[in-house]
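Please treat every number below as a calculation from the coordinates, not as lab data. Keep in mind the model is a prediction, meaning the values are calculated, not measured. Quick reminder, even Gly has a Cβ in these numbers, built from the backbone with ideal geometry, and neighbours come from all protein chains shown.
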Amino acid sequence: MLDLNADAPPFSLDGVLDGQPRRFALVDYRGHWVVLFFYPADFTFVCPTELEDLAGIYPELQKMNVEVFSVSTDTHFSHKAWHDTSPAISKINYYMVGDQSGTLTNNFDVMRPGVGLADRGTFLVDPDGIIQFMEITSEGVGRNATELLRKVKAAQYVASHPGEVCPAKWEEGEKTLAPSLDLVGKI
């Protein structure tokens, strides 16, 4: 089982960037924050809405030193065909990784047993390669890119401000908390 604060499993896989085939390795992104965004399959229904939503915040994530890898068990050839034919997917300019062997999907514990498809899993890996958060939702529940952006901002804030934590619904610029015995029972 994959744990928070553990090293992210490494990978080197074929994928597509801006509709063009490329090979990607997680190690090449040390020093960057990385979002791994697993989804069930290309040419489906909820997946393109999520990936398009994520494409809308991708420029802001890039400004925050965050790279995005969307991952499914489809081939990179399927990703290219989907990118070239879908109005929603053609907006994507982040990495679309093909994991047809299921190795990466299994390493992140999001493979649906006996099905060969990934669950909807989102992982944030910090610049040192450590998993800072993970979320897995059921197939029928799409994710919200704006909430992902909020969580990335919170994780980056906590990483750069030791001794502080972000309360529920924290937004950039709002008050944080400094855990101490003085706060016990006062929140």
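Across the chain, how many lysine pairs, 8 or more apart or on two chains, come within less than 27 Å at their alpha-carbon atoms?
17
By counting other Cβ atoms within 10 Å of each Cβ, how are LYS91, LYS175 ranked from fewest to most?
Ranked by crowding around the Cβ, least crowded first: LYS175, LYS91.
Taking chymotrypsin sites (Phe, Trp or Tyr not before Pro) that fall in a DSSP loop and have at most 13 other Cβ atoms within 10 Å as cut points, what is the longest piece of the chain between them?
Details: sites that count: PHE43, PHE45.
Excluding the exposed sites themselves, the longest stretch runs over 46-187.
Looking at the chain, what % of its DSSP beta bridges pair antiparallel, to the nearest 5?
Bridges in the chain that DSSP calls antiparallel: roughly 70 percent.
Label region 57-120 by shape, choosing from rounded, prolate and oblate, from the square roots a ≥ b ≥ c of the eigenvalues of the Cα gyration tensor; if a/c is under 1.5 it is rounded, and otherwise prolate applies when a/b is larger than b/c, oblate when it is not.
Note, shape of region 57-120 comes out oblate.
Kindly express, to the nearest 10 degrees and within the range 0 to 90, the angle between helix 76-85's C-alpha long axis and the longest C-alpha principal axis of the chain.
Roughly 90 degrees, rounded to the nearest 10.
For LYS169 and ARG112 in one chain, what is 0.36 nm times their gap in residues minus the Cα-Cα distance, to one decimal in nm? Walk me through the numbers on the way to the answer.
Values: separation 57, 0.36 × 57 = 20.52 nm, distance 3.07 nm.
Separation in residues times 0.36 nm, less the Cα-Cα distance, equals 17.5 nm.
Just the projected area, averaged over all directions, of the convex hull on the alpha carbon atoms of the chain: how many nm²?
11.4 nm²
For the chain, what is the calculated [θ] at 222 nm in deg cm²/dmol (nearest 500), taking -39500 (n - 2.57) for each run of four or more DSSP H residues and dividing by its residue count?
-8000 deg cm²/dmol
What order do you get for MET111, MET134, MET1, MET96 when you list them from fewest to most C-beta neighbours inside 10 Å?
Taking fewest neighbouring Cβ atoms as first place, the list is MET1, MET134, MET111, MET96.
Would you mind checking the tilt of helix 46-63 against the longest principal axis of the Cα atoms of the chain, expressed as 0 to 90 degrees and rounded to 10?
With both axes taken from Cα atoms, the answer is about 60 degrees.
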